[in-house]
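The values are calculated or read from the model by the stated rules, or taken from the named source; none is laboratory data. Remember, it's a predicted structure, so these values are computed and weren't measured experimentally. Cβ placement follows ideal geometry from the backbone for every residue including glycine, while neighbour counts extend to all protein chains displayed. Please note that ligands, DNA and RNA were not included when accessible areas were found on the heavy atoms of the full protein model with its side chains. Shrake-Rupley method; radii C 1.70, N 1.55, O 1.52, S 1.80 Å.
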Amino acid sequence: MAKEKVTIQDIADALGISRNTASKALNDSGNIPEETRNRVVKKAIELKYKHFAYMESEHVLGKTPGNIALLTENLPNTSHFGSLLISGLEKRISAEGYNLSIHIVREVDQDALTLPNNFDISKVDGIICIELFNLEYTRLITELGIPTIFIDCASDICYPDFHADLLLMENEHSTYQLTKKLIDSGYKSIGFAGDYNHCKSFNERWVGYRRAMLESGLQVDPSHCITDNDRLFFSKPGWMNERVAALESLPSAYVCANDFIAVELIKALKAREVTVPQNIVVCGFDNAPESRIIEPPLTTVHIYSNEMGIKAAEMLLSRIDNPEQPYQVSHIATKPIIRESTPAIMPANSTLVTG
């Protein structure tokens, strides 16, 4: 007797869930928890349901699942672009039969150039590094000989010596465009807030800001820039207030390296009784949730975080399959979002552009 065709109902019955839930999980539609989706996909593979059948021998059954290790200094919270990035990343690698393990790299690990205690080189097929900006530690990882991709990296990295793939959001051109829009709207005194030596992304945003100023024949005034070490922005409550209060004069606009800095700057300006946007305008970068709820809503740059996670996974999987291919440096496009913190550059006949 011929074997009966496997149906979605068979998968649902095997897992004790509804047919509707199983269908949504297999089609990646609806608000289905990732854990549930993974269970459904695994069961579809085991039961050889349609196109999932081929994965039995190649990816899951008969072979120990591969392991991708994610190394990061801090586990991203829900407001950080990295949380959505990890979601896209995990979904993509799990579809290829890989598990994702997360390892926190402490400051003491970086100082001692040692790997996290729970990191077993023999059980790792690929490495993804998110926001690891210590150049010496970067070399430690790349010298392991394991396929590796960095999402952002040290600001002083030298690509010819960098033996790993690199993925960044597009930083320079979006920052250039925002700065140029400010200049074209009459703002000639523009400061920058953010440590441009903190990471490659911050450095590229600094380059975009400076290029717009240079091409417009404007000088960057260091006294208007807040480019202190990035750790100081988080070192203690009130640091930004003190830093802004100490400025002898203020520019007419600020371009900030990210939304967190921009939000803290707006608060510090208010403490100095300087109102945004009436007295000064401010731009950020990231399109973090805080950028939409602060008053006024913040002009920023949207990052396609989920898509970056998928792209990072694909680049790493390609590197695992073909280790000898040339290393790649890729940028994912970003999108400036104009809001009420910069009213002069808002589109005509519009009060707010959301995103």
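Here is the figure for region 236-256: residues that are of a type in the set (Gly, Ala, Ser) and either over 23 Å from Thr300 (Cβ atoms) or in contact with an Asp or Glu (Cβ under 7 Å, 6 or more places away or on another chain) (or both) total 4. Within region 175-193, residues that are closer than 16 Å to Pro277 by Cα and among the hydrophobic types (A, V, I, L, M, F, W, C) reach partners that are part of a helix (DSSP H, G or I) and open to solvent by 10 Å² or more (accessible area, probe 1.4 Å) with beta carbons closer than 8 Å, at six or more positions or on different chains, in the pairs Leu178/Ile345; Leu182/Ala344; Leu182/Ile345; Ile190/His224. Restricting region 325-355 to residues that are under 25 Å from the mean Cα position of the chain (by Cα) and among the hydroxyl-bearing types (Ser, Thr, Tyr), the residue that is modelled with the lowest pLDDT is Thr354. Scanning region 9-54 for residues that are part of a helix (DSSP H, G or I), modelled with pLDDT of 80 or more and aliphatic (A, V, I, L, M) returns Ile11, Ala12, Ala14, Leu15, Ala22, Ala25, Val40, Ala44. Among residues of region 329-355 that are over 30 Å from Leu166 (Cβ atoms), those with a beta-carbon under 7 Å from a residue that is modelled with pLDDT of 95 or more and of a type in the set (S, T, N, Q) at least six positions away or on a different chain give the pairs Arg339/Thr299; Ser341/Thr299; Thr342/Thr299; Ala344/Ser185; Ile345/Ser185.
Leu61 passes every criterion in (1) farther than 30 Å from Tyr304 by Cβ; (2) among the aliphatic types (A, V, I, L, M); (3) at pLDDT below 90; (4) open to solvent by 70 Å² or more (accessible area, probe 1.4 Å) apart from (4).
One residue is enough: does region 99-108 have a residue meeting the conditions at pLDDT below 95, open to solvent by 10 Å² or more (accessible area, probe 1.4 Å), of a type in the set (Lys, Arg) and not in a loop (DSSP other than H, G, I, E, B)? Taking every residue of region 99-108 in turn, none turns out to be at pLDDT below 95, open to solvent by 10 Å² or more (accessible area, probe 1.4 Å), of a type in the set (Lys, Arg) and not in a loop (DSSP other than H, G, I, E, B). Would you be able to say whether some residue in region 77-92 is open to solvent by 40 Å² or more (accessible area, probe 1.4 Å), in a loop (DSSP other than H, G, I, E, B) and among the charged types (D, E, K, R)? No - not one qualifying residue is present in region 77-92. For Ile127, the test of being touching a strand residue (DSSP E or B) at 6+ places or on another chain (Cβ under 6 Å), part of a loop (DSSP other than H, G, I, E, B) and open to solvent by less than 40 Å² (accessible area, probe 1.4 Å) is failed. Selection of first residues in region 120-139 that are at positive phi and of second residues that are at pLDDT 95 or above and in a strand (DSSP E or B), restricted to Cβ pairs under 8 Å at least 6 apart or on distinct chains, gives the following pairs, ordered by first then second residue: Glu131/Ile151. Yes or no: region 218-231 includes at least one residue that is in contact with a Pro (Cβ under 8 Å, 6 or more places away or on another chain) and open to solvent by 40 Å² or more (accessible area, probe 1.4 Å). Within region 218-231, one or more residues are in contact with a Pro (Cβ under 8 Å, 6 or more places away or on another chain) and open to solvent by 40 Å² or more (accessible area, probe 1.4 Å).
Scanning region 326-348 finds one or more residues that are among the small types (Gly, Ala, Ser) and within 26 Å of Asp221 (Cα to Cα). Residues in region 227-250 that are in a loop (DSSP other than H, G, I, E, B), within 28 Å of the chain's Cα centre (by Cα) and in contact (Cβ under 8 Å) with a residue 24 or more places away in the chain: Thr227, Asp228, Asn229, Asp230.
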